[in-house]
Amino acid sequence: MGYRDSASKNEKGQMAQAEGVYHRPLATSRLELNLVRLLCRCESMAAEKREPDEWRLEKYVGALEDMLQALKVQASKPASEVISEYSRKVDFLKGMLQAEKLTSSSEKALANQFLAPGRVPTTSKERVPATKTVHLQSRARYTSEMRSELLGMEPSGECEVDMRKRAAKGTRPADERQSASELDLVLQRHQGLQEKLAEEMLGLARSLKTNTLAAQSVIKKDNQTLSHSLKMADQNLEKLKLESERLEQHAQKSVNWLLWAMLIVVCFVFISMILFIRIMPRLK
């Protein structure tokens, strides 16, 4: 009975999705309509819990890629915004499948962070994009797996139900006590590592502060030395200008005296020659 009820529910959900697809105003061609139907099917399968050997979703995503490439080169293709939204959702589903193939939960969580879900609902029946819901579900699942790996526990729904029943009955068997003690040891170890890391960071901060203060004092001394050197250079430049002016004045004075001496000598020679010319005929 339960299987029939679930099957009927799935059929009703698929019919509702198909009805939403038929009423979508964006589907303008049969190819786009088929793409939207298959995309809705892939989103619903991604939201459900699948077996490890499930292969249909990967095949469906491959078919979505082929249909999307054909839609891009079609003559009556939709707007570029619609095509980019389809590409975004297909890339998300493809990245989600690749993340599920990774080995460790930390790698899965890291790969899940780089996935970008769709921004617009695929059908008119959706209030929130299905890819966004799948993204949140996978993030929560990988976080739970990481927590379970850290605590040394296996993430199993039956184990959680069993633990809740035991807690309701008030029983605490030896396995729970052992897991609690192991959890305390793990927490103590992590607390010790955090304290050690905090001490190392504090020491690094102190050494950085000491080095900064030393560099600041050295820079201050260098600035003082540089300012003193600039002052001395300015003083020497002023003295050099003064001495050059005095030297120029002295050179001008020496040139004037030499000019006057040459004029006197020339005049003396001229006068002596005139006298010599006048005196020589008389002697004859």
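Every read-out reported here was derived from the displayed coordinates using simple, explicitly stated rules and does not represent laboratory data. As the structure is a computational prediction, the values presented were derived from the model and not from experiment. Virtual Cβ from ideal backbone geometry, glycine too; neighbours counted across all protein chains shown.
Values for this structure:
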| item | result |
| --- | --- |
| Note, ³J(HN,Hα) from phi for the range 215-226, Karplus 6.51, -1.76, 1.60, rounded to Hz, x at Gly and Pro | 5, 5, 5, 5, 5, 5, 5, 4, 5, 5, 4, 5 |
| Compactness of the range 182-284 - radius of gyration and Dmax, Cα, Å | 44.1, 149 |
| Cα-Cα P(r), the range 29-139, percent of pairs per 10 Å interval | 14, 47, 31, 8, 0 |
| Net charge over other residues, Cβ less than 14 angstrom from the Cβ of S138 (K, R count +1; D, E count -1) | +3 |
| Karplus (6.51, -1.76, 1.60) ³J(HN,Hα), θ = phi - 60°, over the range 115-128, in Hz, Gly and Pro reported as x | 7, 10, x, x, 9, 10, x, 6, 10, 6, 7, 8, 8, 10 |
| Size of the range 103-151 as Cα extents on the principal axes (Å, biggest first) | 43, 17, 12 |
| Ordering of 108-116, 88-96, 208-216 by packing [mean C-beta count within 10 Å, highest first] | 88-96, 108-116, 208-216 |
| Phi to ³J(HN,Hα) by Karplus 6.51 cos²θ - 1.76 cosθ + 1.60 over the range 90-100, Hz, x for Gly, Pro | 5, 5, 5, 5, 5, x, 5, 5, 5, 5, 5 |
